[in-house]
Structure formats: structure tokens, C-alpha cells
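Notes to accompany the following structure.
The values are calculated or read from the model by the stated rules, or taken from the named source; none is laboratory data. This is a predicted model, so every value here is computed, not measured. All Cβ positions, glycine included, derive from the backbone under ideal geometry; neighbour counts span all protein chains shown. Side chains included, ligands, DNA and RNA excluded: accessible areas come from the protein's heavy atoms. Shrake-Rupley method; radii C 1.70, N 1.55, O 1.52, S 1.80 Å.
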Amino acid sequence: MRRAAALLVILPALTLAPWSASGYEPSGGVTFNVPNPWGSSAENTRIVRKVEEAFRHVRRTRRDPHPVILVTGYLFDRDVSANALINACRRGVSVRVIINRKVASRPLRKLVTALNADNVRDGDRDGIADNDPRAGRCNRALPAQHDGLRQRGEGIPLMTARQTRRSLRRPTGQQVTWGADGSYVLKCSGSCRGASDANMHSKIYAMSSSGSANNVVMVSSSNLNGGGAKLGWNDLVVMKGRPKTFDFLVQVHRLMTAQKRAGPDLLELTDGPYTTRIFPIVGGKDRDPLLQDLRKIRCSSDLGRTSLHIQQFWWNGHRGNYLWDKIRNLARDGCKVKIIIGAVDRGLGRRMRDARRAGLIEFWDSRIDTDMDGYVNTRTHMKAVAVRGTYGTNRRYHGVWTGTANWSNGSLTRGDENTLNVRSARLWRRYVRYFTTVRNHSTR
């Protein structure tokens, strides 16, 4: 009898640990990396190691008996990250991962094998599994049970690239398909909530608990991959004790897993000083939240001239141009505008250089060809604005707007993205100091 209830019998008895046996707690605030050729290996990997360490401290406790890790990422190829997530699954954590690329790196294949081995189908969506699982939870052996479950000496072998690609399509919004461990890795058909030919570009690492901290949410411009560590300047913002934000992201992740297409309403949550936004949205320029934010800026404030420190990886197209028009107008109105780019289309680049020659803005290019082979090795991968001055009715505003969205058409209306606005003078100071570091390794 292949029923969902039958899967539950293979769950082992897991001991509930005290609230925090190790005393570990992830630090809040922001973390930045230093890419090659300037950073050491430890400086390269500051962000990815911080995320992995948080994964390693998610476990079943009396306070969090059903822990959850949520991951969204454009790229994934770190073996250490894969091991951290697999081991979390084996501790009784539900690990739910959505990636973009149909890559077949060994770390990804290992992760898919571990988390998807017990996944099942539910073609008629009646909540009842259509087939027996091929292995136990987290790819462990299936114990001898009734109702058709088979006994195996071990889990399934490492999936091939073809098997991995097939498995990545199978998890759905129906929880029964995730198997007894409640874990899976999914590759959506294009963007999860947007266009079928667009990207899942979101980067969220959220945990119901990690060490002594509950409801931990990490938002980054960096993937869990080697390039994110070594080839780009990246940021990671950590929020702790934010149940509203965590629950919001649980719902968003479920919509992405179900590939529920975005509607006209922006998915947005304000939780204290944090405003989380989820894209895509249906609409254009007049519904662009970033343009609406920029329209709230005035260039005189109680702190002097309002300043904008902008680090933007990819800036192009219709959206890139109307955002640039607004920023240039702010500079003409007296705002202090400083920009570092990681990539920009030729027309926009020319307009920015013209504005610099006219004395309106300060402008740097972070692209560096360190080995002189004709290809860029390092550049800023961030999508961040640090604002100080007048924003709305606040004439003493300090804030940072960051996340995954490039300033291009697809990031608003086609692909999966997430952004985070934070009202914080401390965070603003950290981003401005980092801006100076990146600027010092860029060209005018």
C-alpha cells in the first residue's frame, strides 16, 4: 500500500539536543569577502564559510524540534557546502534547495543523490505517493518494513549527470514528493515564478535556528561556489531572531517549489528595519520599487548633501537607463553620487563617463584582467546602494539597499530575485568603508 503515511515509519528516533550545546551563534550584520588576487584563501571564502558554519549548527532541539534550512542559489559547486547540507539532513533537518543551473558538478550530484534519493512522485496531487522510495531518508538504507518498502544494504549510488538532471525536475509543491526526510534539490523550468526562459537568480540562506539563534536569514550577492569566493567582491547580510521574515521566506520558497507564477502584487515584508522584496513582478517602470525608493531621495538633509555609494554588477537595457536617468538627476540636484560598476552596456558606460567629465559623479570600473590574457578575472558582483541623507520624511536617514537583482529588465519582471533594504547607520558605515576598499582596487 503506497501511501504517504507509510513513509513516516522509516523516520529514526532522533534525540532532541539541548537548546544550544555548543554555545555557537552566527554573528549578525554584514560580512564581505576579498577576492583574488588581493585576498588570502580565508579572505576569499569569508562569506561561504560563514554560511556553511551556520548550516553545521542547525539541529533538532527542544526549542526547534523540526528544523528547516532553505537555500536558493544561481550556482552551486562547493563540496564543503554540499557536505554541510547533507550532514544537516542526517541530523533530522529538512533541507530544501532550489538552484538555477543544470550543472553536473560532483558536489551538486552528491547533494542531489543525498536529498532526492527518497523523493517520490504524486502525479494526481492527491497527497499519496505514486511509488515507493528508492532509499531511506538522506539516502540511507531502507529498513525492512511492510507496505512494499524494500530493504537495501545501502542507499542508491552517486547519480550520473543525466540522472541528476532528471531528479532536479521532480520535486513539486506537494510535500509528499519530498520524501520522509522532507528534503530536496529542485531546478525550476527556467525562473521558478517568472519566465520559462529566465533565471532563478535568488540567493537566500535561511534557517529556523542555528546554534543559539532562532530564525536566521542570510541574504547575499554570493553563490556557494568558487567563483563567488575568488572572482567577485560580494556581501552577506545576516538577520537573527526574525520569525516574521523567516516565515515569509518559507512561504516564498514553497511558491517557488510549486513554480507558482508571479502576479501583479510585489511580495514584500517589512520587519523592523528590514524590508525584504521578492521578484519578479508583473509590471514595468511605474511599479519598480527601486525607482520608487530613488524618488523618495532629496539632496539636502540635516546631515548635509545626501550621498549615494553604488556598487552594481550588471547595468543595462531600458531599466538600467531609466534608473541611471534618475540617479543622474539626483546628482544634478546636488546629491553626492559615487559609482563602481562590474559590467555595463556601452551606451550607459558612455553616459556615465560623460557625467564624470561634467563633474556630476565619481565613477570607477572594478573589472580587472590580472593575468593579462584578455579576460576579466575579478569585478564587483554586488548590487548595493548605501544612502545617507533625506529619504522620504527622514532627513537623517542611513540605509543600505542590497540583494541579488542587477539593474536590467529581466531582474524586475522575468527572473527570481530578492532584495533587502536595511535602515542602519552602522551597516551604512560598513558598506561605505568596503566601497573605499573596492574603489582602491578599481580603475577610473
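Where helices (runs of 4 or more DSSP H) fall entirely within region 225-331, those with at least 1 residues that are in contact with an Asp or Glu (Cβ under 7 Å, 6 or more places away or on another chain) are at 226-230, 243-257. Taking every residue in region 383-402 that is in contact (Cβ under 8 Å) with a residue 12 or more places away in the chain and pairing it with any residue that is of a type in the set (D, E), at least 6 positions away or on another chain, the pairs with Cβ-Cβ distances below 7 Å are A384/D235; R395/D302; R396/D302; W401/D293; T402/D235.
Applying the condition of being of a type outside the set (D, E) and in a strand (DSSP E or B) to region 408-440 and asking which residue is nearest to the chain's Cα centre (by Cα) yields N418. Summed over region 100-117, residues that are part of a loop (DSSP other than H, G, I, E, B) and either open to solvent by less than 10 Å² (accessible area, probe 1.4 Å) or more than 24 Å from E154 (Cα to Cα) (or both) total 5.
When S189 is tested against the conditions (1) open to solvent by 10 Å² or more (accessible area, probe 1.4 Å); (2) of a type in the set (S, T, N, Q); (3) in a strand (DSSP E or B), the lone failure is (3). When V97, V51, V80 are checked against the criterion of being among the β-branched types (V, I, T), modelled with pLDDT of 95 or more, open to solvent by 60 Å² or more (accessible area, probe 1.4 Å) and outside any loop (DSSP other than H, G, I, E, B), V80 stands alone in meeting it. Looking only at residues of region 391-444 that are of a type in the set (D, E, K, R) and closer than 21 Å to L269 by Cα, we find that the one that is most open to solvent (accessible area, probe 1.4 Å) is R423. All conditions in (1) open to solvent by less than 30 Å² (accessible area, probe 1.4 Å); (2) in contact with a strand residue (DSSP E or B) (Cβ under 9 Å, 6 or more places away or on another chain); (3) of a type outside the set (S, T, Y) hold for A229, with the sole exception of (2).
Of the strands (runs of 3 or more DSSP E) contained entirely in region 332-407, those carrying at least 2 residues that are within 28 Å of the chain's Cα centre (by Cα), of a type outside the set (V, I, T) and farther than 16 Å from F313 by Cα fall at 383-391, 394-403. Checked against the criterion of being open to solvent by 10 Å² or more (accessible area, probe 1.4 Å), over 22 Å from the mean Cα position of the chain (by Cα) and over 28 Å from L249 (Cα atoms), region 118-131 contains one or more residues that satisfy it. Contact map, region 85-102: residues that are on the phi > 0 side of the Ramachandran plot paired with residues that are open to solvent by 10 Å² or more (accessible area, probe 1.4 Å), Cβ distance under 6 Å, separation 6+ or inter-chain. Pairs shown: G92/L14; G92/R60.
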